[in-house]
Amino acid sequence: MLARPIRSSLWAAALVLSWQGPVTAQDKPGGAAGSPAAARAPGLPGVALASLQEAYRRDESGLVAQDELDPLIHPDGGGACASAACVDLMQALRVMAGLAPHPNPHKAALAAFKAQPDLLAGRVSNEQVERLLRFYQAHLGHARIGIDVLSAPNSGYRTHTPTWDEAAGPDLGVAPRRAKVLSYTVSDSTGKVHGRHFVLMKGQADGKIEVVDPAKPGGDRQYVPDFKAGDKGTRSRLFLNNPAGIPRTGGLVYEVNTVFTVALLDEKGAAERPAGAANSVEHITRKLDETARALKGTDEFLDPRAWRKKTAAFGLPGLDLPVEYGGSAWPATKMVEVFKRAGEHNLNFRDVVGGAHVRPLLKSADKEVLDIVRQVARGDGYIAIAITEPDAGSDIPAIKSTAKKVPGGYVLNGTKRFNARLNQATHVVIFTQGTTGERGKLSAFVTPIDAPGITIERFKAHGLTGNSYGGMSFKDLMIPEGRLLGKDGQGMHIFFEHFLYWRLMQAAAALGTGENALDQMADRIKSRHAFGGPIGRFTHLQQPLGQYKTELRMAYALAREAAERIDRGDYGTETRALICGIKAEGVEIALRAVDAATRAYGGEGYSDRVDLGDRLRDLNGLRIADGTTDVMRMEVVRQTFGPEFWEMAIEPKEKK
Ligand SMILES: Cc1cc2nc3c(=O)[nH]c(=O)nc-3n(C[C@H](O)[C@H](O)[C@H](O)COP(=O)(O)OP(=O)(O)OC[C@H]3O[C@@H](n4cnc5c(N)ncnc54)[C@H](O)[C@@H]3O)c2cc1C
């Protein structure tokens, strides 16, 4: 991804001057995935890459070379090294997982560009690389991956990742079922930065590391790691030098900025998960059922904090959080199933599964902020999110809360209203205008809920009563520098990404609530007699069972499709339309199903002898919370039929 003007000369220099030594015995398998070497240790990245390189040298299959993708990248965007490195890593992961190499990796790379068109602009961020790696998850069969992104303390590419320990430096070791991609910054002798490049780690021996460079994937390159001290340790910076006797022209300097570690986490890799967090949906939903049964009739039944504490032992609060923070890194495809089961019990349980509103904190590199993620994973922390204000809800960019930059952090002022969880939460994520005040450039911060300057108010809500409902004002609330999530002005980006996932999970929970209501309705119309027979003989009471069951199933099929897209890292237009549509229609279908069931229960349905009245009120809340049905439908139109529909609705107001 180096700037184009220098790229060709740089590569030329690299090709001539980089060490092109012989492959070692370890890395010299006899063929591709089915080779004798791969059969001996197919899980080692070096062996997997060597087998792919052999196929590439034979007939240019197996791996994608960077220059094959370069013409697709915007001329000002540098090269396609990140995209080529990621698709080549996908191939290595396939071999490591015991699969045959993808027969057409170029097609997979093109599909990635279609799903994530921002890659075509070049100069990808760490976040984009991570997303791209998640996209390739779909090509790994049943194998699941966990991704760990570790940045150099001085890296300009750091977005939301932890930095390496400056005393120890980054771990460059490879291990079975665990591959690494290194990104290094290329600068010249004057210190001018030309861009960054990505290579795949093959192994290390004799003080050298061996890598596969997507610029020329058929051969190996060797580098000598050279650590330099910083303020906090002797291994703060890591440079990659050529081996002795192999000069590098132009005095080009390679400094590692990021280490991406991708581990295969399928059933065989379950040991990487925290103890007790078993890996199957069946196990987790069975434990969830047991907890619901145990708490039924107690004060703790709807209490999200009590749930989180009790269920941490089997991993429920950390299911969708990264492994390095105590979670299980479950993909969205598994999470929708757990949310649906939670909703079958009670829609309030939408708040007991997974990290919920702690997920935006993963945008931070701050150790204290990431420690809050750990608190949530172990069932201690619980996060509220405050966006809506007295005068702005659907129109999020119109919020009035402010953030002012001061030495050491930010000072926040504002009022929030109609926010859930404030009385239960340990921390709250607050959205404000960014420090520039430019409309739409919001910022997001996290703070302890009891921070000086915060006053909480509470309203009685009609549903979803397991959590509080109310508002908060904050006056001269001091937020330390590290508690800004992402960058100043990136708040809308954080909002869209987080709420796309969250809306999908909420819709899955609503579908579960609808399914449960239909089961109750079926029991009722079989057993209730009127006018000399079961009321189920009135076919108008059977019709909703047939209609809504199918509509709920259709919505769930779409929810699974959307989850697959999220797991591929596809947050594009089609995914947005799909998820906003599922949030709208999933909740509306569930409402109709619960309404039909309530009526079938007659007077009893209006009493607390059955829970259907509560579920109706819960769903009425969810049709507003996390984006109203109307706004979600507008979003489907905007994403599917073009922005002019949104503009024609919004513009007249702005032209006044
Ligand atoms: C149970 C519950 C929990 C909630 N939890 C939280 C929380 O934790 N944090 C938080 O910040 N907020 C929370 N909210 C607030 C919620 O996000 C907002 O109420 C919601 O986004 C709507 O905003 P509003 O109330 O300002 O309504 P408005 O935006 O004023 O909308 C009023 C009506 O106008 C319609 N409307 C507005 N704009 C459009 C449009 N462009 N196209 C079509 N129709 C439109 C809406 O659909 C609605 O019917 C919660 C709400 C509920 C009910």
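The values are calculated or read from the model by the stated rules, or taken from the named source; none is laboratory data. If you're wondering where the values come from, they're calculated on a predicted model, not measured in any experiment. With ideal geometry, Cβ positions are generated from the backbone for all residues, glycine too; neighbour counts draw on all protein chains shown. Keep in mind that these areas ignore ligands, DNA and RNA; they rest on the heavy atoms of the full protein, side chains included. Shrake-Rupley method; radii C 1.70, N 1.55, O 1.52, S 1.80 Å.
Out of D206, D188, which single residue is touching a residue at least 40 places away in the same chain (Cβ under 8 Å) and more than 19 Å from A65 (Cβ to Cβ)?
That would be D188, the only listed residue that is touching a residue at least 40 places away in the same chain (Cβ under 8 Å) and more than 19 Å from A65 (Cβ to Cβ).
Modelled with pLDDT under 95 and open to solvent by 10 Å² or more (accessible area, probe 1.4 Å), is that true of K487?
Judged against the criteria, K487 is a match.
What residue, among those in the range 399-424 that are out of contact with any Leu (no Cβ under 9 Å at 6 or more places or on another chain) and within 9 Å of the ligand (Cβ to nearest atom), is nearest to P304 (Cα to Cα)?
R421
How many of the residues in the range 341-380 are open to solvent by 30 Å² or more (accessible area, probe 1.4 Å) and part of a helix (DSSP H, G or I)?
Residues in the range 341-380 being open to solvent by 30 Å² or more (accessible area, probe 1.4 Å) and part of a helix (DSSP H, G or I): 10 in total.
Which condition does Q91 not pass, out of (1) assigned to a helix (DSSP H, G or I); (2) modelled with pLDDT under 85, if it passes all the others?
Result: Q91 passes all but (2).
Taking the range 436-455, which residues are under 16 Å from I396 (Cα atoms) and either in contact with a Gly (Cβ under 8 Å, 6 or more places away or on another chain) or outside any strand (DSSP E or B) (or both)?
Those that are under 16 Å from I396 (Cα atoms) and either in contact with a Gly (Cβ under 8 Å, 6 or more places away or on another chain) or outside any strand (DSSP E or B) (or both): G437, E438, R439, G440, K441, L442, S443, A444.
Consider the range 515-535. How many of its residues are free of Cβ contacts under 8 Å to residues at least 12 places away in the same chain, part of a helix (DSSP H, G or I) and not acidic (D, E)?
Number of matching residues: 2.
Does A384 meet the test of being within 16 Å of the ligand (Cβ to nearest atom), open to solvent by less than 40 Å² (accessible area, probe 1.4 Å), modelled with pLDDT of 95 or more and under 17 Å from the mean Cα position of the chain (by Cα)?
So A384 does not fit the description; no.
Residues are listed down the side, and each one gets a yes or a no for (1) within 8 Å of the ligand (Cβ to nearest atom); (2) buried (at least 16 other Cβ atoms within 10 Å of the Cβ):
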{"residue": "A596", "(1), (2)": "no, yes"}
{"residue": "G602", "(1), (2)": "no, no"}
{"residue": "D608", "(1), (2)": "no, no"}
{"residue": "L612", "(1), (2)": "no, yes"}
{"residue": "L619", "(1), (2)": "no, yes"}
{"residue": "G627", "(1), (2)": "yes, yes"}
{"residue": "M634", "(1), (2)": "yes, yes"}
{"residue": "F645", "(1), (2)": "no, no"}
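A quick yes/no check of all residues on (1) open to solvent by less than 40 Å² (accessible area, probe 1.4 Å); (2) assigned to a loop (DSSP other than H, G, I, E, B); (3) in contact with a helix residue (DSSP H, G or I) (Cβ under 9 Å, 6 or more places away or on another chain):
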site	(1), (2), (3)
V199	yes, no, yes
I209	yes, no, no
A215	yes, yes, yes
P247	no, yes, yes
E255	yes, no, no
V262	yes, no, yes
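Just to verify a result, which residue in the range 348-381, among those that are under 28 Å from A292 (Cβ atoms) and among the basic types (K, R), is nearest to the ligand (Cβ to nearest atom)?
That would be R350.
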